[in-house]
1. Scan around residue 71 for amide H atoms under 5 Å from its own, H built in the peptide plane at 1.01 Å from N, and keep only partners 5 or more places away or cross-chain.
2. Which of the peptides 61-67, 132-138 is most tightly packed, and how do the rest follow, going by the mean number of other Cβ atoms within 10 Å of each residue?
3. Once the piece of chain linking residue 22 and residue 125 is laid out straight, how much longer is it, given 0.36 nm per residue of separation minus the C-alpha distance between them?
4. Using the basic label-point model (7 angstrom from Cα toward the beta carbon), what is the residue 47 to residue 147 distance in nanometres?
5. In the stretch 1-151, what % of DSSP beta bridges are antiparallel (nearest 5)?
6. What is the distance in Å between the Cα centroid of the stretch 113-151 and that of the stretch 33-97?
Amino acid sequence: MVVMCDLLQYLMPLQPELRLSTRHLDFFVGHICSAMPFEVCGFLGGVGGEVTCVFPVPNIAPEPACGFFMEPQTQWNVMRVLSELGLDMLAIYHSHPPCGSNELSSIDIANACYPEVLSLLIVPTASGKIAHLRAFSIDGLRVSEVSIVVWS
Ligand SMILES: [Zn+2]
């Protein structure tokens, strides 16, 4: 049975896209504006690439204007809630400083420890609007961009 599960996981195609609603984007804008100029982070939960909920997690990086580190207790609580709700952890999101790079940093890539979980990067403008929104699949040092579909 275990072999079957592993085989199915291996044969499953990678998620072709991440689907978000404009409601989620509004949430990101609010979250980013509340923490400006610091980076924000959190989880996106859902099923089959469709985001149904957003869980912000406090950023406790020593220099939160140029990196993020999730507060462990909240991270653990969110993972438990996702499991209880039967939702997949679809993505970890984080923002970059206003008008910052729209590429993942080497630290972002090195710290990505869940290959099956996408990384969503949000780069705001100076006024807190979304300038760039990109999703990536990270497996070791292999990074590939994933399409994002925003629906309203
Ligand atoms: Zn980053």
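Each value in this text was obtained by applying a stated rule to the coordinates, not by laboratory testing. Computed from a predicted structure; not experimentally measured. Neighbour counts run over all protein chains shown; Cβ positions are idealised from the backbone, glycine included.
1. 60
2. Taking the mean over residues of other Cβ atoms within 10 Å, the ranking is 132-138, 61-67.
3. In short, 35.4 nm is gained.
4. Computed distance between label sites residue 47 and residue 147 equals 2.3 nm.
5. 70 percent
6. 13 Å
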